[in-house]
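S.K.: Right, I'll just put the structure down here and ask away after.
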Amino acid sequence: MNISIVIATFNRARLLGETLESLSVALEDSPHPEVEVIVINNRSTDATPSVASGYSTRIPSFRLIEESQQGLSYARNRGVEEASGDIVVFLDDDVELEPRWLEYLIAPFENADVGVVGGKVLPYQNSTIPAWLPRRYSYLASVFDPRDDDGPIEKVMGANFAVRRDACRSSGGFDVNLGRKGTKLLGGEEVALFNAMRARGMCVWYAPGSVVRHKIDAKLKPEYIEDYAYWLGVSESYLDRRFTSKLKWLLKQVRSRVFPWVAYPFERMRARTLTDWMLCVIRREYARGYRNGIPVDAVEDKL
């Protein structure tokens, strides 16, 4: 299988350089050394172009592509469009790669029914999930470690996953209404793609041996988690409106309006620890985001 690795980036030149350094080392020791690496610069205003270009002689088949439309989904779609590999691997621009990361990530594609493969996303070095963040919401800090056995799974994390290029294209690619746009922490574009590919008979596979270490220190703050919870609500409102029944979406809309006035005050009064308090805040912000959502006309345009 031919492999293309796509890294979308926006104003994180230093972190991008560290990721490319880790990638160059990983490829030297990989059974798949001859891969194509594509960096999609999504309107960065920092030193991203010069940092990325510095790896053009160190990484074979390296390309730097400029994508003028702001948004992670635009950048990823451009990466899929530019990719020549049968398999397209997506990495965040702030990760370090564990040994045999690529080998474990690619192996499940030997099964023709597998359309998506994702691996573990663990904290980098000494970073730890703070005690005040409820364990079940660790994904809000961009950590993904659901289990240690491989097999089918509902979804994987966008920091470390791969897709079949042609299947991704025929499924519509990444929804440009979703995905991060500048400082807006919209998400859900991977879930929308996974749903579309699953509807075509393909499965999503989890490969725990494929491990990246995510540099999450900047995300381990209550303000970031609160903001992420809000945009998660916005994103999931859109996904529910598009992929589930209208009744389910309306019921969750009602709940998102009732919760802040009825349940939230009581939960806040019962909170005894920082973890209890943060759980309350996450639920409140998620409800606020779900209530606001993305304008319905934007959803209808996609149906």
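S.K.: Go through segment 82-113 and count every residue that is more than 19 Å from Pro31 (Cβ to Cβ) and in contact (Cβ under 8 Å) with a residue 12 or more places away in the chain.
M.R.: 10
S.K.: Related question: Quick check on this structure: which one of Gly85, Gly79 is closer than 21 Å to Gly119 by Cα, in a loop (DSSP other than H, G, I, E, B) and at pLDDT 95 or above?
M.R.: Gly85
S.K.: Please enumerate the residues belonging to segment 114-127 that are more than 19 Å from Ile5 (Cβ to Cβ) and either without any contact (Cβ under 8 Å) to a residue 24 or more places away in the chain or not in a loop (DSSP other than H, G, I, E, B) (or both).
M.R.: Correct list: Leu122, Pro123, Asn126.
S.K.: Mind checking which residues of segment 219-246 are over 22 Å from Leu140 (Cα atoms) and either of a type in the set (Ser, Thr, Tyr) or modelled with pLDDT of 95 or more (or both)?
M.R.: Thr244, Ser245
For every residue, the table says whether it meets (1) basic (Lys, Arg); (2) under 24 Å from Ser138 (Cα atoms).
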site	(1), (2)
Leu250	no, no
Val254	no, no
Val258	no, no
Trp261	no, no
Arg268	yes, yes
Arg272	yes, yes
Cys280	no, yes
Arg288	yes, yes
Arg291	yes, yes
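S.K.: If we only count helices (runs of 4 or more DSSP H) wholly inside segment 212-303, which ones have 1 or more residues that are crowded, with 18+ Cβ neighbours inside 10 Å and within 25 Å of the chain's Cα centre (by Cα)?
M.R.: In segment 212-303, 222-243, 246-258, 274-292, 296-300 are the helices (runs of 4 or more DSSP H) which contain 1 or more residues that are crowded, with 18+ Cβ neighbours inside 10 Å and within 25 Å of the chain's Cα centre (by Cα).
S.K.: Within segment 187-217, which residues are under 13 Å from Ser142 (Cβ atoms) and either charged (D, E, K, R) or touching a helix residue (DSSP H, G or I) at 6+ places or on another chain (Cβ under 7 Å) (or both)?
M.R.: Gly187, Glu190, Val212, Arg213, Lys215, Ile216, Asp217
S.K.: Which ones in segment 1-44 are of a type in the set (Ser, Thr, Tyr) and part of a helix (DSSP H, G or I)?
M.R.: Thr19, Ser22, Ser24
S.K.: Something else now. Restricting attention to segment 12-63, report how many residues are over 23 Å from Val211 (Cβ atoms), within 22 Å of the chain's Cα centre (by Cα), of a type outside the set (Gly, Ala, Ser) and buried (at least 19 other Cβ atoms within 10 Å of the Cβ).
M.R.: So the count comes out to 4.
S.K.: Quick check, is Ala196 assigned by TED's automatic domain parsing to the domain that holds Asp145 and among the hydrophobic types (A, V, I, L, M, F, W, C)?
M.R.: yes
S.K.: If you go through segment 166-186, how many residues are farther than 28 Å from Tyr286 by Cα, surrounded by fewer than 20 Cβ atoms within 10 Å (Cβ to Cβ) and touching a helix residue (DSSP H, G or I) at 6+ places or on another chain (Cβ under 7 Å)?
M.R.: Residues meeting the conditions: 2.
S.K.: For Glu96, indicate whether it is out of contact with any Asp or Glu (no Cβ under 9 Å at 6 or more places or on another chain) and either in a loop (DSSP other than H, G, I, E, B) or at pLDDT 95 or above (or both).
M.R.: In short, no.
The values are calculated or read from the model by the stated rules, or taken from the named source; none is laboratory data. Keep in mind that this is a model prediction, so the values were computed, not measured. Ideal geometry is used to build each Cβ from the backbone, glycine not excepted, and the neighbour counts take in all protein chains shown.
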